[in-house]
Amino acid sequence: MAAALDLADSEGISALTIRALASGLGVKPMAIYHHVANKDEILDAIVDAVYAETYLPRPYAPWREELARRTRSVHDALNRHPWALGLMETRKAPGPANLASHEAVLEVLLTAGFSLGATAHAYATLDAFVYGFCLQEVMLDSIDLAGSADDLLAGMNLTGHPRMAQFAAEHVLQPGYAFGDSFEVGLGLVLDGLEQLRRSA
């Protein structure tokens, strides 16, 4: 499955076809079917490979630090494999790393004293944060922020939108700005919220 993972990383998930994979391996397409039944098995395997790169939190260590480390590792894995964003939670036949990841997070939350309901909210919030953040990073990567402020603002009519103009000119377009700097801030806010949820539950 390494060849399939490399193809998805280099050319995107839409380029991952049986024919393209066979071509990269120097074999006939029918040869692939000696190893997998269909493309879904390939997708299951490469998604599982992404899960295998993520940290498995430990249930008897401080839950906040463990979930922070796990969330950072998911963020890093999705930055390496941005094609996986739309696939991570869609597999009908999850692999062992996928299942182990979910089991570990649930064990941490329940061991830390979250109720079942609070666990569901906490897990959904953590994943929504990291997946959403990574999606924004992918979208913003397509925007060139290397030009001058005048060049970048030339195509925008911000008349009547003074706060957008201020935010762009005085923050986004300043030297050293990086959207990714908001990740740790957001993660801290999410974990603070989960602590309140845990206590209330």
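The values are calculated or read from the model by the stated rules, or taken from the named source; none is laboratory data. A quick note: this is a predicted structure, and the numbers were derived from the prediction, not measured. FYI the Cβ positions are ideal-geometry reconstructions off the backbone, even for glycines, and counts take in every protein chain you see. Quick note on the areas: whole protein, heavy atoms, side chains included, nothing else; ligands and nucleic acids left out. Shrake-Rupley method; radii C 1.70, N 1.55, O 1.52, S 1.80 Å.
For Thr71, the conditions (1) within 27 Å of Asp181 (Cα to Cα); (2) in a helix (DSSP H, G or I); (3) touching an Asp or Glu at 6+ places or on another chain (Cβ under 8 Å) all hold with the exception of (3).
When Ala77, Ala97, Ala118, Ala124 are screened for being in contact with a Leu (Cβ under 6 Å, 6 or more places away or on another chain), modelled with pLDDT of 95 or more and farther than 15 Å from Gly186 by Cβ, only Ala118 passes. Residues of the stretch 151-191 being within 30 Å of Glu66 (Cβ to Cβ), open to solvent by less than 70 Å² (accessible area, probe 1.4 Å) and either modelled with pLDDT of 90 or more or outside any loop (DSSP other than H, G, I, E, B) (or both), which ones? Within the stretch 151-191, Phe179, Gly180, Ser182, Phe183, Gly186, Leu187, Gly188, Val190, Leu191 qualify. Kindly establish whether Ala84 is more than 24 Å from Ala178 (Cα to Cα) and assigned to a helix (DSSP H, G or I). For Ala84, the condition - more than 24 Å from Ala178 (Cα to Cα) and assigned to a helix (DSSP H, G or I) - is not met. Taking each residue of the stretch 78-97 that is open to solvent by 60 Å² or more (accessible area, probe 1.4 Å) and of a type in the set (Lys, Arg) and looking for partners that are outside any loop (DSSP other than H, G, I, E, B) and at pLDDT 95 or above with beta-carbon atoms closer than 6 Å, six or more apart or interchain, yields nothing.
Every residue in the stretch 66-77 that is of a type in the set (Gly, Ala, Ser) and either buried (at least 18 other Cβ atoms within 10 Å of the Cβ) or in contact (Cβ under 8 Å) with a residue 40 or more places away in the chain (or both), please. Correct list: Ala68, Ala77. Within the stretch 67-85, the set of residues being among the small types (Gly, Ala, Ser) and either farther than 27 Å from Leu16 by Cα or touching a Cys at 6+ places or on another chain (Cβ under 6 Å) (or both) comprises Ala68 only.
Checking each residue in the stretch 98-122 for being under 16 Å from the mean Cα position of the chain (by Cα), surrounded by 18 or more Cβ atoms within 10 Å (Cβ to Cβ) and either more than 15 Å from Tyr55 (Cβ to Cβ) or not hydroxyl-bearing (Ser, Thr, Tyr) (or both) picks out Asn98, Val105. Looking across the stretch 29-44 at every residue that is aliphatic (A, V, I, L, M) and open to solvent by 30 Å² or more (accessible area, probe 1.4 Å), the one that is modelled with the lowest pLDDT is identified as Ala31. Taken together, the residues in the stretch 50-65 that are in a helix (DSSP H, G or I) and either at pLDDT below 95 or crowded, with 21+ Cβ neighbours inside 10 Å (or both) amount to 3.
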